[in-house]
Amino acid sequence: MAKQESKYGWNIETSYTQLPDAFYARVKPTAVRAPKIVAFNHELAKNLGLNSDALESNEGANFFSGNETLPGSEPIAQAYAGHQFGYFTMLGDGRAHLLGEHLTPDGRRVDIQLKGSGPTPFSRRGDGRAALGPMLREYIISETMHALGIPTTRSLAVVATGEPVYREKELPGAILTRVAQSHIRVGTFEFAVALNKGEHLRTLADYTILRHYPEIQGSDEPYLDLLKRVIDRQAFLVSRWLLVGFIHGVMNTDNMTLSGETIDYGPCAFMDRYSRATVFSSIDRQGRYAYGNQPGIAEWNLTRLAESLLPLLDENEEKAIAKAEEAIVTFGSLFESHWVEGMRSKLGLQDKDKGDLPLITSLLDLMEKHQADYTNTFRALSLNEESSGPLFQDASFVDWKKAWLSRSPVRTLMLMQNPAVIARNHRVEEALSAAVDRGDFSVMEHLLTALRSPFDEPANLTLRDAPPSNAADYQTFCGT
Ligand code: AMP
Ligand code: MG
């Protein structure tokens with residue numbers, strides 16, 4: 001039931017709780033001692049029709065910590081499963097509470113979820129909590145992705161809890177308020193199959209169609225169409241990641257949405273030097289989720305979705321498999337066409353040409369050979385700047401540039417595609433350590449200001465700089 005709370009603008013419904021009970025556990029956030037808002041997203045609050053001034057108050061801190069229940073909310077932890085690094089596991093929100101769905105004045109339905117808000121029946125050995133650094137990191141990187149025009153969950157607020165969490169050492173605790181089109185994951189479908197109960201899978205699929213793909217409701221083969229649409233949205237999404245040098249870091253099937261939004265900013269990072277093998281995550285020792293592996297992994301995950309949907313695709317198993325395969329084999333060409341289209345824009349090419357792909361890959365090969373900075377190379381080309389780096393001195397690059405210039409690239413187009421600033425690891429770390437170690441949030445605010453207009457030259461020009469070449473190899477950590 002919708003309830004209007006005019007003071008704050010919440011308009012919460014709880015449609016997910018109408019799914020069979022097996023899909024969630026009713027559980028309330030565990031109250032925290034001294035919640036204090038340390039990051040608040042005014043722009044997002046306004047976009048959602050919320051009263052941002054009223055929310056950025058002590059009462060807002062009570063909502064965003066789970067100390068006070070949102071009007072109309074029925075907190076749950078969602079159940080799901082997932083393939084983690086290739087192995088199937090039963091999972092669920094172990095430290096997150098879905099408060100409900102907020103209906104925006106312009107008719108959108110978005111999940112409001114707290115992350116780090118206490119234990120649930122799915123916590124296993126975890127404490128249900130999150131540390132301040134990783135929650136601020138999700139806030140910064142999800143905002144960066146949004147500003148780059150990439151589909152993503154958003155971050156509305158981070159509150160410090162006033163309580164410690166214990167990891168390798170004692171750290172300040174925090175809770176993130178995440179806003180998403182939904183939290184339905186490939187792993188939610190794997191969970192529905194594992195339940196092996198009557199119509200549960202179909203119920204979930206119908207709910208997903210209603211929520212994300214209402215246009216296919218009346219189609220002859222809605223479940224096949226669902227699969228095809230998710231394949232296309234994910235092919236698009238991963239192409240956007242590659243175009244900006246983003247590495248998700250933990251593309252398990254429980255971290256892949258049916259909506260096509262980027263979700264779960266754990267060990268993710270932006271690449272500095274271009275190399276297809278780049279990995280930052282400390283737990284990804286095999287490089288399964290390396291930069292250049294992401295399209296292949298997306299296809300692998302989508303194959304798990306296709307398998308889950310088989311019972312709905314056709315009564316005849318052979319026919320169902322044939323339909324699923326027919327859909328999955330399109331991933332490669334969909335990905336490539338989205339990616340080439342994006343690269344063409346990055347290179348300012350207005351007309352398609354059969355030489356586009358070789359032109360793109362020969363540039364990337366040269367960048368890899370010279371360990372050129374990914375972001376700054378494209379930006380330098382956009383600005384027609386001669387960089388002093390070794391790439392620009394290479395005779396093969398000079399030839400490449402002649403061939404490229406003969407295609408009359410449009411620099412105004414390039415400047416809207418090639419960011420000047422990305423969330424570079426050394427800058428993110430600097431902002432986080434100021435906030436976490438010294439309680440100084442100004443470094444993060446300055447960084448966020450630049451990241452919110454990534455295609456403009458930042459006031460602090462050094463934010464564009466790659467890390468010093470003697471910087472130690474950066475590592476990111478998961479599940480913290
Ligand atoms: P992730 O790798 O962040 O996608 O998390 C994988 C699973 O571990 C999810 O089901 C999380 O809810 C759970 N999890 C991660 N950290 C904690 C924690 N501190 N306490 C309980 N569960 C957690
Ligand atoms: Mg996850």
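Some observations on this one:
- Normalising the Debye intensity of the stretch 105-158 to I(0), with uniform scatterers on Cα atoms only, and taking log10 at q = 0.27 Å⁻¹ returns -1.09.
- The length gained on full extension between residue 203 and residue 90, counted as 0.36 nm times the residue separation minus their Cα-Cα distance, comes to 38.7 nm.
- Gyration tensor verdict on the stretch 3-183 (Cα atoms; rounded if a/c is under 1.5, prolate if a/b is larger than b/c, oblate otherwise): rounded
- The label point for residue 215 and the one for residue 336, both projected 7 Å from the Cα toward the Cβ, are 2.6 nm apart.
- Put a dot 7 Å past the Cα of residue 394, heading toward its Cβ, do the same for residue 43, and the two dots end up 3.5 nm apart.
- Selected from 303, 335, 283, residue furthest toward positive end of dipole (the stretch 275-370; charges at beta carbon): 283
- Calculated from backbone phi, Karplus (6.51, -1.76, 1.60) coupling profile of the stretch 402-414 in Hz, x at Gly/Pro: 4, 4, 5, 4, 5, 8, 6, x, 9, 5, 4, 5, 4
- When the convex hull of its Cα atoms is viewed from all sides, the chain shows a mean projected area of 23.0 nm².
- Computed on protein heavy atoms with a 1.4 Å probe, the accessible areas place 155, 15 in the order 15, 155, largest first.
- Cα-Cα over 18 Å, subset of 115/197; 369/401; 228/319; 28/169: 115/197; 28/169
- Alpha carbon centroid spacing (whole Å) that separates the stretch 160-206 from the stretch 237-289: 19
- Residue 452 sits with roughly 90 Å² accessible to a 1.4 Å probe, with DNA, RNA and ligands left out of the calculation.
- Estimated [θ] at 222 nm from DSSP helical runs (n ≥ 4, -39500 (n - 2.57)) normalised by residues in the chain, nearest 500: -12500 deg cm²/dmol
- Rolling a 1.4 Å probe over the protein chains gives residue 14 an accessible area of about 10 Å².
- Inter-part distance, the stretch 330-363 to the stretch 298-321, computed on C-alpha centroids, equals 30 Å.
- Inverse of mean 1/r across different Cα pairs in the stretch 138-279, Kirkwood, Å: 17.1
- Of the solvent-accessible surface of the chain, computed with a 1.4 Å probe over protein heavy atoms with every protein chain present, carbon and sulfur atoms account for 51 percent.
- Shape of the stretch 330-480, Cα gyration tensor, a/c cut at 1.5: prolate
- Shape category assigned to the stretch 425-464 from the gyration tensor of Cα positions, a/c cut at 1.5: prolate
- Here the spin labels are modelled as points 7 Å beyond Cα on the Cα-Cβ line, and at residue 387 and residue 33 they lie 4.8 nm apart.
- Entry note: the stretch 183-239 has Rg to Rh equal to 0.98, where both radii use alpha-carbon atoms and Rh is the Kirkwood radius.
- Computed lengthening from residue 57 to residue 15, 0.36 nm per intervening residue step minus Cα-Cα distance: 12.3 nm
- Between the stretch 406-467 and the stretch 53-67, the alpha-carbon centres lie 29 Å apart.
- Set of lysines with alpha-carbon distance to residue 7 below 21 Å, sequence-local pairs under 8 removed: 36, 46
- Accessible surface of residue 351 - all protein chains present, 1.4 Å probe, nearest 10 Å²: 110
The values are calculated or read from the model by the stated rules, or taken from the named source; none is laboratory data. All of these numbers come straight from a predicted model, not from anything done at the bench. Every residue, glycine as well, gets a Cβ built from its backbone with ideal geometry; the counts of neighbours run over all protein chains shown. Surface accessibility is based on the protein's heavy atoms, side chains included, excluding ligands, DNA and RNA. Shrake-Rupley method; radii C 1.70, N 1.55, O 1.52, S 1.80 Å.
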